[in-house]
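The structure under discussion appears below in the form of structure tokens.
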């Protein structure tokens, strides 16, 4: 099964479970959790079901397209359901079956893996799912966001699409994945991968990036102070990506790191407050 | 009747499962004591997806109990004609009794009406329901979670419950889940419901569906089969108990299989391969007869052997990719000079408020100097210690250690060797982290021992200095372990003394010189370490009083605590110790009466023959005692004390310490003080509790 077919199947599968299927959020971000479709939606009481592909940029993981397993940008398939259905685990396994996997021939293990995202004040308890030893999914029950305990909680399922595709297609290099019948992953992504790495590791202007961080932060704060949630939150995401670019250059000292993360966390809390305030004002729409 | 209670969950963390099962059993056993019911035994089991409790041989119901209830005084219960009053009537009706049930009994406050009341026992069903609900509410876990039921936390989401008493379902609900008789077996493909008839039937059916309930049975399956698998390549599986526990508890039905590691991967240090196999892949490494790593490992499938070749291929591929990663990082690291790694430590915080790891490095280098001059190290040893201190933390910023944090010491040591540092330095870099948690492996080399000690002293001084508190389960920087490490090393040194107090005070000074605000005195650190020493001596099963007797010695004598304790213990039942303790007690008691300044003994003020005799005995014994202490011949020290006993007795029999003249009295106190300090040089004998004969 080729890469795009996998995405279609997952979308179809989760559509049938009642999820809204959204296009990827158009901002450079490091993980599906940061998308407003996740972070801003797990807050509050309103129920929510969504599935989307999230291109995730982690500059420090880039290898100029030379490493068969590491990428500057990979693709996550993200599912958020609030509150979690009773049979969510089986539902997830069914999604693997929908990808053509015969589970009786493989081994699926759920290994404890809890995560924490300092920038979002978020915390989850759950597992990494291993398919014949390969980590293919993070399966998590969100416990906290913006430092607050969530009630109800949401379940977050994050598939690593490249890993899954390599497994299903039996490839040893991510660039050999068949995207469709005529293109490989490498055909479509390798040059971009290389250029992004050249930028992140060699060409980025560190001084300018620090300035940009300050500008984005100020803009985010100004907008959030005016209750303009989405534009304000988008500038927070720009801060986060700028931070990741700086991190890839190894120029963030430890104290600076703590400081920058605290500044972003503050913005995330401002955004969370707006979400909760407006939910209170509008009441629950069930 | 038998009772079965299964809590069916999503996957319970493998490292927490055994503890959870143990708690299930103890809490159930404790709770059932609240009921008047007999049972044969309680058993508990756990797999990744279930916690299961059995109560075997439970009686049908609680036994009835007779309870005496006190009513009103006879004078109020009956009128003067002997007829029952309304008050008695009320007592009877509220207790559901008739007049036939009552009797009169004298009490200290007069004669009262009493009745014997029968309280009917509850049924077994009521009992197990209450026990089960109590378990659900009181099983506690580190880091429990919410899933969809606000207010209910458990280790992982509960997805089903079986409660069967004999053949019948005991109805109750928790976290929105109703009890029933349905469960699921091993996850193979589509889940298939299993209907359970009775507790016995559960045992049979669950096994038919490939669930091995007992951890011990699963462990044996793994142990037996991994040996067979490894023997195919003339190897032996090699794993620690705690790692094996995790591997086993990731399975409901374990099937070990042999898998291959790509040959070329052996160009990376073994410790990286081990970390990938054990830490990441939860599998087991294979060694040959000489203990060398073979290019194979044992994976443990959660499932049967059907299609195991597919699973094996998957595991092998994961190892290959991770090894490739490890190799990349290793090659990158090799390009970087260790001295440059040290510079990078400027960007890594040690502990908030105590600067960076670079600051720590500089402190360790300075402490090496103190150590060197106090222990009279040769200039070669000094140079090695200083170099090892300077490089000790370099490995922490290497790429491999960032990827595999548990390799901190090993990789630092490997890079040092590759870059031409001598063997003493590279070994010391590894040994600084010894002893590892739950291990008795201590540094073997002198420089390694010293670097391990000063590294730990620096951590302890700094953390206590910024007010880190250790209490109960709170120990954020693992200071107990750090302290235990210091004590373990000292206990194994085999020296008569070690200038630990000097190193502690130097460490404090060095922090202050660097400009850190740390607020403590050496005694704070010493007290902490003495506490750790006490706890380790308890592990060695010494008696409390003996421990207190030796730990009262200055901390520099810590290396000798265990030997001294052993000698005291040996003499416990002998007169030797009895006399020493008694002498010490008499001296201590009389010294307690002394007020005023201490003076030195002046022989010209002696008037009695026996005080002169004691003086001479103390004088001639003292040098011998200290010589023997230095030689660590504690047996002989005890003998020397013993020989003093007659002289001391005669002194107390014939000399009145409390003389009227001040100078004579003071002089006698001074003499006794000298004697006391002689005893104290070995241990505080007043701590020893003697059994009364």
By the C-alpha gyration tensor axes a ≥ b ≥ c (rounded if a/c is under 1.5, else prolate when a/b exceeds b/c, else oblate), the shape of chain B is oblate
Taking R0 as 56 Å and r as the Cβ-Cβ distance between residue B:659 and residue B:514, the FRET efficiency 1/(1 + (r/R0)^6), rounded to the nearest 0.05, comes to 0.50
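Using 1/(1 + (r/R0)^6) with R0 = 56 angstrom and r between the beta carbons of residue B:540 and residue A:269, what's the FRET efficiency to the nearest 0.05? Don't jump to the answer; show the numbers that get you there.
Details: r = 52 Å, r/R0 = 0.93.
Computed FRET efficiency for residue B:540 and residue A:269 comes out at 0.60.
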For chain A, shape from the Cα gyration tensor axes a ≥ b ≥ c, cut at a/c of 1.5 then a/b versus b/c, turns out oblate
Shielding of A:98-111 by other chains, given as the mean Cβ count within 10 Å, works out to 6
Taking a label point 7 Å from the Cα of residue B:304 along Cα-to-Cβ, the residues of region A:120-159 whose backbone nitrogen sits under 19 Å from it are A:132
The equivalent-ellipsoid semi-axes of region B:269-392, taken as the square roots of five times the Cα gyration tensor eigenvalues and listed largest first in whole Å, are 43, 18, 14
A correct Stokes-Einstein calculation for region B:365-502, using the alpha-carbon Kirkwood radius, 25 °C and 0.890 mPa s, returns a whole-number D in µm² s⁻¹ of 157 µm²/s
Within 10 Å of the Cβ of an average residue in A:85-91, the count of other chain Cβ atoms is 4
Per residue of B:155-166, other chain Cβ atoms within 10 Å number on average 2
Note on region A:216-286: alpha-carbon gyration tensor, axes a ≥ b ≥ c; rule is a/c under 1.5 for rounded, else prolate if a/b larger than b/c, else oblate; result prolate
Here the averaged projected area of region B:569-687, based on the convex hull of its alpha-carbon atoms and given in nm², is 7.2 nm²
Expressed in angstrom and ordered largest first, the alpha-carbon extents of region A:121-188 along the principal axes are 47, 26, 16
Computed over region B:50-152, the convex hull of the Cα set has an average projected area, in nm², of 12.4 nm²
Under the helix-only model (-39500 (n - 2.57) for each DSSP H run of 4 or more, divided by the residues of chain B), the mean residue ellipticity at 222 nm, to 500 deg cm²/dmol, is -15500 deg cm²/dmol
Here FRET efficiency (C-beta to C-beta, residue B:233 to residue B:418, R₀ 30 Å, nearest 0.05) is 0.50
Relative contact order as a percentage, region B:65-119, C-alpha pairs under 8 Å and 6+ apart, gives 50 percent
Taking N as the number of residues in the protein assembly as shown, the ratio of its alpha carbon radius of gyration to 2.2 N^0.38 Å works out to 1.21
Summing -39500 (n - 2.57) over every DSSP H run of at least 4 residues in chain A and dividing by its residue count gives a helix-only mean residue ellipticity at 222 nm, to the nearest 500 deg cm²/dmol, of -14500 deg cm²/dmol
Each label sits 7 Å from Cα toward the beta-carbon; between residue B:34 and residue B:104 the label points are separated, in nm, by 4.2 nm
Restricted to region B:92-225, the DSSP antiparallel beta bridge percent, nearest 5, is 90 percent
Simple SL model, points at 7 angstrom along Cα→Cβ for residue A:209 and residue B:25; separation in nm is 5.5 nm
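Read-outs: derived from the displayed coordinates by stated rules, not from any lab. Everything quoted here is computed from the prediction, not taken from an experiment. Here the Cβ is made from the backbone with ideal geometry for all residues, glycine too, and neighbour counts use every protein chain on show.
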